[in-house]
Amino acid sequence: MSKIAVFPGSFDPITRGHESVILRALPLFDTIVVAIGENSEKKGYFPLETRMSWLRELFVSQPRIVVESYSGLTIDYCRKLGAHFILRGLRTAADFDFERGIGLMNRAMMPDLETIFLLSAPEYSALSSSIVREIHRNGGDISRFIPEAIKPLMT
Ligand code: ADP
């Protein structure tokens, strides 16, 4: 059985922290689906299509990394794909508290689903999309925080 993991998130925008988690998780799975959750009530800062195109470009030479978007419950999306793993990154105790609730609820709803957590690399543990958005909104330079390969597209 092929091991498929879904890495769900907003990726608004993708940061070096996300990139690092995805690449470190790659040896654990056959396929990682980087899935942007669409939320009709919460429009992103960067348009969905733009976020998707950055992710696609970043992983263009990685056939085992697939980029998609989805709406609705993440577990329903996992079922549809035949994915039995959700991948998440942990930066802080606050991340853990938040993820613990979601992970337990997801598993209650889909018992054959495991959430796999990777600890953030220390150099990225203070990096979040929300801070990057704030810098961008105020005209600051975000280039140190976004993946090297797609810097020209994003800045
Ligand atoms: P969400 O809106 O679901 O929080 P994000 O796009 O902000 O989505 O994050 C997706 C996942 O990436 C989450 O598991 C988050 O904890 C993780 N993540 C975000 N930033 C980092 C980072 N700097 N290092 C490691 N993991 C991270």
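The values are calculated or read from the model by the stated rules, or taken from the named source; none is laboratory data. These figures come from a predicted structure and were not determined experimentally. We place every Cβ from the backbone using ideal geometry, glycine too, and count neighbours over all the protein chains shown. Side chains included, ligands, DNA and RNA excluded: accessible areas come from the protein's heavy atoms. Shrake-Rupley method; radii C 1.70, N 1.55, O 1.52, S 1.80 Å.
General remarks:
- Candidate cross-link partners of Lys80 among the lysines, defined by an alpha-carbon separation under 30 Å and a same-chain spacing of 8 or more, comprise Lys3, Lys42, Lys43.
- Taken per residue, the accessible surface of the chain reaches 55 Å², heavy atoms only and a 1.4 Å probe.
- Solution diffusion estimate, µm²/s, Stokes-Einstein, the chain, Kirkwood Rh from C-alpha pairs, 20 °C, viscosity 1.002 mPa s: 134 µm²/s
- Label-to-label distance, nm, for residues given as Ser53 and Ser143 (7 Å Cα→Cβ offset): 2.1 nm
- Potential extension, Asp97-Lys42 segment - 0.36 nm per residue separation minus Cα distance: 17.5 nm
- Note on the stretch 71-122: Cα Rg divided by 2.2 N^0.38 Å, N the number of residues, gives 1.17.
- Shape index of the stretch 39-79: Rg/Rh, with Rg the Cα radius of gyration and Rh the Kirkwood radius from the inverse mean 1/r over Cα pairs, equals 1.02.
- Formal net charge of residues neighbouring Phe59 (Cβ-Cβ distance under 12 Å; K, R +1; D, E -1): -1
- The chain - percent of accessible surface contributed by carbon and sulfur, probe 1.4 Å: 55 percent
- Comparing mean-square fluctuations of Ile65, Ile131, Ile14 from a GNM of the chain with C-alpha springs under 10 Å, the top value falls on Ile131.
- Separation of the stretch 67-102 from the stretch 33-54 is 15 Å, based on Cα centroids.
- Rounded to the nearest 0.05, the FRET efficiency derived from the C-beta distance between Ala126 and Leu26 at R0 = 30 Å is 0.80.
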